[in-house]
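The values are calculated or read from the model by the stated rules, or taken from the named source; none is laboratory data. Since the structure is predicted, the reported quantities are computational estimates derived from the model, not experimental observations. Counting neighbours? That spans all protein chains shown, and the Cβs are built from the backbone with ideal geometry, glycine included. The area values use the complete protein model at the heavy-atom level, side chains included, leaving out ligands, DNA and RNA. Shrake-Rupley method; radii C 1.70, N 1.55, O 1.52, S 1.80 Å.
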Amino acid sequence: MPRRERNPFVKRNQILDLKIEDYAFGGKGIARIHNEKGSFVIFVPNTLPGQLVKAQIKKSSKKYAEAKLIDVIEKSIDEVDIPYQDIPGAPYINLPIALQHQYKKESTLSLFKRIGKVDNIEDLFDEFITSPNVFHYRNKMEYGFSAIGYDRVNKTDVDEFTLGFKRRGVWWMGDNLEKDSGLFDKQFEDNLKNIRKYCLETGLQPWHGPKKEGFFRYFVVRKSYKTNELLFNLVTTSYDLPKFDLNKFAKYLVELFGIRVAGLLHTINDEVGDRTIATSGSISLVYGKDKIVEELLGLNFEISMKSFFQTNPKSAEKLYSKVVDYVLEDKSKVDNTVVMDLFCGTGTIGQIVASKSDNTKIIGVDIVASAIEDAKENAKRNHIEGLEFYAADVGKFLNQHPEFQNKIKTIILDPARAGIAPKTLQKIIKLNADRMVYVSCNPATQARDTEALREAGYQIKKISLVDQFPHTSHIETVVLFEKN
């Protein structure tokens with residue numbers, strides 16, 4: 001076997017101080033190192049141009065390497081001070097929002113040029129839609145308990161009872177949240193240290209990742225912007241459960257948050273995997289109610305702890321409005337027709353389209369059965385007719401319903417981050433629709449699918465970007481495709 005040629009620039013696990021020079025899609029900072037062999041690119045996630053960082057090489061090829069961020073040695077001159085505690089879920093919170101938007105737009109459009117082969121993508125750009133709330137925009141957060149904490153002064157681990165977020169890239173180390181992170185509800189996060197103190201004083205142990213043991217695991221919170229209510233879910237193991245008074249804990253939450261407490265659920269998770277809700281666990285209602293109601297564009301949606309729902313509802317309204325604008329741009333291809341809403345989730349988009357069109361039948365399909373049940377219930381609650389929801393794999397559903405071929409004029413697509421499986425995309429193409437409105441939370445896979453759609457005769461007419469998650473690298477795209 002020929003010996004693998006050694007990379008002349010870096011080696012695996014090597015730790016380097018790197019100056020970040022540029023920004024690539026997905027929140028990857030670009031650094032370059034130089035020697036007598038030439039210049040070499042290293043991608044470092046969650047970094048910004050102008051920063052000096054310490055990073056560890058994780059993998060490399062002849063053309064580039066990927067590294068894990070260890071620490072920021074020097075900030076970028078673009079960064080500003082903020083009154084919030086830094087957390088892994090908001091790596092760019094110190095960067096002014098206008099610069100965040102610039103980086104997101106430039107890096108996303110470049111994907112469609114490079115991967116989607118759309119050379120004139122700038123000419124097709126419609127709008128960059130900003131989040132109405134730059135801070136405190138999330139309606140759900142998961143806080144983890146850990147027996148191993150982080151000493152921010154000495155930058156090392158420490159044995160202590162923690163409740164907050166995992167340190168980035170360190171699955172076994174927690175970091176106490178002492179105050180508002182700027183992402184979720186301020187009143188709640190300012191009180192998280194009090195909840196930690198309450199749990200600590202019970203004498204029961206937090207989860208110890210390496211040992212796979214402990215009692216307290218997660219504290220999950222959902223918030224309704226319509227009612228301002230909070231729905232809690234305490235996740236523990238069954239070990240030592242008789243020693244913990246769930247009703248007393250519920251009363252303590254009411255003392256802290258009063259009428260804002262919608263309810264408290266308790267989940268038992270004895271699995272060693274790092275998940276909030278176990279496949280073999282149980283969930284029970286301790287206090288109050290097990291659901292909250294949120295409003296989007298005048299429609300009400302009942303949300304349980306397990307329901308999928310847009311994390312930034314105010315921005316989701318803008319996202320859905322743009323999708324509906326694209327769908328209804330040519331109402332002749334919607335009114336008195338069948339519209340397919342594929343990967344429909346809880347059916348939000350389909351319901352909004354149905355409420356704004358005439359005699360339109362919406363066929364919603366999603367593989368997640370619980371999401372389809374929520375979709376059916378929400379449609380009843382909102383008194384919207386003309387909706388049919390099916391719990392099925394999209395590809396298999398289209399195989400079983402050939403009657404839709406050549407009869408669908410408009411298709412709405414909203415797949416998961418992995419995009420659309422190539423075989424499924426070909427089945428969608430065979431429907432021979434005039435238009436597709438494709439929503440994506442991962443423009444990289446959408447750009448990949450764009451090339452296949454172009455080969456099938458579909459061209460991008462418009463593309464908009466929606467900033468659902470300020471202070472992160474994530475961006476949503478809405479693309480209108482029309483057949484030549």
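Inside the stretch 458-479, can you point out the residues that are under 14 Å from VAL323 (Cα atoms), out of contact with any Ser or Thr (no Cβ under 9 Å at 6 or more places or on another chain) and either among the hydroxyl-bearing types (Ser, Thr, Tyr) or surrounded by 18 or more Cβ atoms within 10 Å (Cβ to Cβ) (or both)?
LYS462
So which residues in the stretch 378-388 are in a helix (DSSP H, G or I) and open to solvent by 70 Å² or more (accessible area, probe 1.4 Å)?
If the condition is that a residue be in a helix (DSSP H, G or I) and open to solvent by 70 Å² or more (accessible area, probe 1.4 Å), then LYS380, ARG381 are the ones that fit.
Just to check your reading of the model, which residue among PHE469, PHE481 is under 23 Å from LYS104 (Cβ atoms) and assigned to a loop (DSSP other than H, G, I, E, B)?
Numbers: PHE481 fails: assigned to a loop (DSSP other than H, G, I, E, B).
After applying the criteria, what remains is PHE469.
Please find, within the stretch 143-160, the residue that is surrounded by the most Cβ atoms within 10 Å (Cβ to Cβ) out of those that are within 28 Å of the chain's Cα centre (by Cα) and touching a residue at least 40 places away in the same chain (Cβ under 8 Å).
SER146
Quick check, is GLU451 acidic (Asp, Glu) and over 26 Å from GLN100 (Cα atoms)?
Answer is yes for this residue.
Of everything in the stretch 400-434 that's closer than 19 Å to ARG448 by Cβ and of a type in the set (Gly, Ala, Ser), which residue is modelled with the highest pLDDT?
ALA421
Right, VAL134: over 18 Å from LEU234 (Cα atoms) and either among the polar types (S, T, N, Q) or in contact with a His (Cβ under 9 Å, 6 or more places away or on another chain) (or both) or not?
On the way: over 18 Å from LEU234 (Cα atoms): yes; either among the polar types (S, T, N, Q) or in contact with a His (Cβ under 9 Å, 6 or more places away or on another chain) (or both): yes.
So VAL134 fits the description; yes.
Please count how many residues of the stretch 5-24 are farther than 18 Å from LYS37 by Cα and either at pLDDT below 85 or among the aromatic types (Phe, Trp, Tyr) (or both).
The number of residues fulfilling the criteria is 1.
Taking the stretch 111-139 on its own, how many of its residues are basic (Lys, Arg) and buried (at least 17 other Cβ atoms within 10 Å of the Cβ)? Walk me through how you get there before you give the answer.
Initial filter on the stretch 111-139 (basic (Lys, Arg)): 113-114, 117, 138.
Then keep just the ones that are buried (at least 17 other Cβ atoms within 10 Å of the Cβ); that gives 138.
Of the residues in that region, 1 qualify.
Yes or no: SER280 at negative phi and at pLDDT below 95?
So SER280 fits the description; yes.
Restricting attention to the stretch 43-54, which residues are under 25 Å from the mean Cα position of the chain (by Cα), open to solvent by less than 10 Å² (accessible area, probe 1.4 Å) and among the hydrophobic types (A, V, I, L, M, F, W, C)?
Filtering the stretch 43-54 for residues under 25 Å from the mean Cα position of the chain (by Cα) gives 43-49.
Those still in the list that are open to solvent by less than 10 Å² (accessible area, probe 1.4 Å) too: 44, 47-48.
Answer for the stretch 43-54, where residues must be under 25 Å from the mean Cα position of the chain (by Cα), open to solvent by less than 10 Å² (accessible area, probe 1.4 Å) and among the hydrophobic types (A, V, I, L, M, F, W, C): VAL44, LEU48.
Which residues, taken from the stretch 126-148, are over 16 Å from PHE219 (Cβ atoms) and of a type outside the set (Ser, Thr, Tyr)? Give the steps one after another, and end with the answer.
Of all residues in the stretch 126-148, those over 16 Å from PHE219 (Cβ atoms) come to 126-137, 148.
Answer for the stretch 126-148, where residues must be over 16 Å from PHE219 (Cβ atoms) and of a type outside the set (Ser, Thr, Tyr): ASP126, GLU127, PHE128, ILE129, PRO132, ASN133, VAL134, PHE135, HIS136, ILE148.
With the requirement that a residue be crowded, with 21+ Cβ neighbours inside 10 Å and touching a strand residue (DSSP E or B) at 6+ places or on another chain (Cβ under 8 Å), what does the stretch 440-457 give you?
Residues satisfying the conditions are SER440, PRO443, GLN446, ASP449, THR450, LEU453.
Which of the residues spanning the stretch 415-439 are open to solvent by 40 Å² or more (accessible area, probe 1.4 Å) and touching an Asp or Glu at 6+ places or on another chain (Cβ under 8 Å)? Walk me through how you get there before you give the answer.
So the first thing to find is which residues in the stretch 415-439 are open to solvent by 40 Å² or more (accessible area, probe 1.4 Å), and the list is 416-418, 421-423, 426-427, 430, 432, 434.
Once the filter is applied, which keeps residues that are open to solvent by 40 Å² or more (accessible area, probe 1.4 Å) and touching an Asp or Glu at 6+ places or on another chain (Cβ under 8 Å), the stretch 415-439 yields only ASP434.
If we keep just the residues of the stretch 360-377 that are of a type in the set (Gly, Ala, Ser) and surrounded by 16 or more Cβ atoms within 10 Å (Cβ to Cβ), which is modelled with the lowest pLDDT? Break it down stepwise before answering.
Let us first name the residues in the stretch 360-377 that are of a type in the set (Gly, Ala, Ser), namely 364, 369-371, 375.
Filter once more, keeping what is surrounded by 16 or more Cβ atoms within 10 Å (Cβ to Cβ): 364, 371, 375.
Details: GLY364: 95, ALA371: 86, ALA375: 89.
Per the criteria, the residue is ALA371.
Applying the selection to the stretch 379-419, what residues are more than 14 Å from LEU342 (Cβ to Cβ) and within 22 Å of the chain's Cα centre (by Cα)?
Of everything in the stretch 379-419, those that are more than 14 Å from LEU342 (Cβ to Cβ) and within 22 Å of the chain's Cα centre (by Cα) turn out to be ARG417, ALA418.
Inspect all residues belonging to the stretch 398-409 and state whether any of them is crowded, with 19+ Cβ neighbours inside 10 Å and under 19 Å from GLY26 (Cα atoms).
no
Counting only residues that are at pLDDT 90 or above, part of a strand (DSSP E or B), hydrophobic (A, V, I, L, M, F, W, C) and open to solvent by 70 Å² or more (accessible area, probe 1.4 Å), how many does the stretch 62-77 have?
So the answer is 1.
Report those strands (runs of 3 or more DSSP E) wholly inside the stretch 259-359 carrying at least 3 residues which are open to solvent by less than 10 Å² (accessible area, probe 1.4 Å). Outline the logic, then answer.
Numbers: elements: 261-268, 282-288, 291-296, 299-304, 338-342.
In the stretch 259-359, 261-268, 291-296, 338-342 are the strands (runs of 3 or more DSSP E) which contain 3 or more residues that are open to solvent by less than 10 Å² (accessible area, probe 1.4 Å).
Would you call GLY169 modelled with pLDDT of 95 or more and surrounded by fewer than 18 Cβ atoms within 10 Å (Cβ to Cβ)?
On the way: modelled with pLDDT of 95 or more: no; surrounded by fewer than 18 Cβ atoms within 10 Å (Cβ to Cβ): yes.
No: the conditions fail for GLY169.
Under 6 Å between Cβ atoms, at least 6 apart or on separate chains: pull out the pairs that start in the stretch 226-248 with a residue that is closer than 30 Å to LEU296 by Cβ and end on any residue that is open to solvent by less than 40 Å² (accessible area, probe 1.4 Å) and among the acidic types (Asp, Glu).
LYS226/GLU294
Tell me, which residue of the stretch 22-42 that is assigned to a strand (DSSP E or B) and closer than 16 Å to SER110 by Cβ is least open to solvent (accessible area, probe 1.4 Å)? So that I can check it myself, show each step before the final result.
Within the stretch 22-42, the subset assigned to a strand (DSSP E or B) is 22-24, 28-35, 38-42.
Those still in the list that are closer than 16 Å to SER110 by Cβ too: 22-24, 28-30, 41.
Working: ASP22: 73, TYR23: 29, ALA24: 20, LYS28: 67, GLY29: 0, ILE30: 21, VAL41: 35 Å².
Result: GLY29.
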